[in-house]
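Asks: Just passing along the structure, written as structure tokens.
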Amino acid sequence: MNSGDDSKLLEVAGTVYDILRTIRDPEKDETLEDLNVIREEGIKVKKFQNEKFLISIEFVPTVPHCSLATLIGLCIRVKLSRCLPYSFKADITVSPGTHDIEDDVNKQINDKERVAAALENPNLLQAVEECLVERDV
């Protein structure tokens, strides 16, 4: 890989961070960036098949027993799919050791069928939409 490839990967990672940082926490009025749930160092980008990127995102729930960690992961996935101008595959996970049931959360937010089913639930979709609304500061 050359330096041009490296700079493109860094550019994509920066774009991903900028897209995700404004997602609002489901329970608080702060953004995921304000709460340190999303961090720049938690976003890794690699080249994947042709012009596709593999994006790994680790997020840190505010508490180890956060009942809304799967909703946060779903918000991350939806916002990326709506806003990222690149072809990509995303692997979204709870940062290791930061949630009591991290394996279950990771499984739910990375299973296409579970994500699709969740987005068919009108109440859950409304909760996602509320987290994605950007507010003026």
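Asks: If I ask for residues that are surrounded by 17 or more Cβ atoms within 10 Å (Cβ to Cβ) and within 15 Å of the chain's Cα centre (by Cα), which ones from the range 80-101 would you list? Steps first, answer last, please.
Replies: Keep residues of the range 80-101 that are surrounded by 17 or more Cβ atoms within 10 Å (Cβ to Cβ), which gives 80, 84, 88, 90, 92-94, 98-99.
Across the range 80-101, the qualifying residues are 80, 84, 88, 90, 92, 93, 94.
Asks: Out of the range 83-101, which residues are free of Cβ contacts under 8 Å to residues at least 24 places away in the same chain and either part of a strand (DSSP E or B) or of a type in the set (D, E, K, R) (or both)?
Replies: none
Asks: Let me ask something additional. With (1) outside any helix (DSSP H, G or I); (2) of a type in the set (A, V, I, L, M); (3) in contact with a Leu (Cβ under 8 Å, 6 or more places away or on another chain) as the list, and residue 74 as the residue in question, which single condition is left unmet?
Replies: Condition (1) is where residue 74 drops out.
Asks: With among the hydroxyl-bearing types (Ser, Thr, Tyr) and in contact with a Pro (Cβ under 9 Å, 6 or more places away or on another chain) as the only criterion, which of 95, 87 stands out?
Replies: Working: 87 fails: in contact with a Pro (Cβ under 9 Å, 6 or more places away or on another chain).
From the options 95, 87, the qualifying one is 95.
Asks: Hey, among the residues in the range 102-137 that are in contact with a strand residue (DSSP E or B) (Cβ under 8 Å, 6 or more places away or on another chain) and part of a loop (DSSP other than H, G, I, E, B), which one's surrounded by the most Cβ atoms within 10 Å (Cβ to Cβ)? Give the derivation first.
Replies: Quick first cut of the range 102-137, residues in contact with a strand residue (DSSP E or B) (Cβ under 8 Å, 6 or more places away or on another chain) only: 102, 105-106, 109-110, 130-133, 135.
Right, trim to part of a loop (DSSP other than H, G, I, E, B) and you get 110, 133, 135.
Details: 110: 15, 133: 9, 135: 8.
Going through the qualifying residues, I end up with 110.
Asks: Moving to a separate point now. Looking at the range 17-30, can you tell me whether even one residue there is among the basic types (Lys, Arg) and either over 13 Å from the mean Cα position of the chain (by Cα) or assigned to a helix (DSSP H, G or I) (or both)?
Replies: Yes, the conditions are met somewhere in the range 17-30.
Read the figures in this text as sums done on the coordinates, not as results from a lab. Bear in mind the structure is a predicted one, so any value in this text is a computation, not a measurement. Don't worry about glycine lacking a Cβ; one is built from the backbone with ideal geometry, like all the others, and counts go over all protein chains shown.
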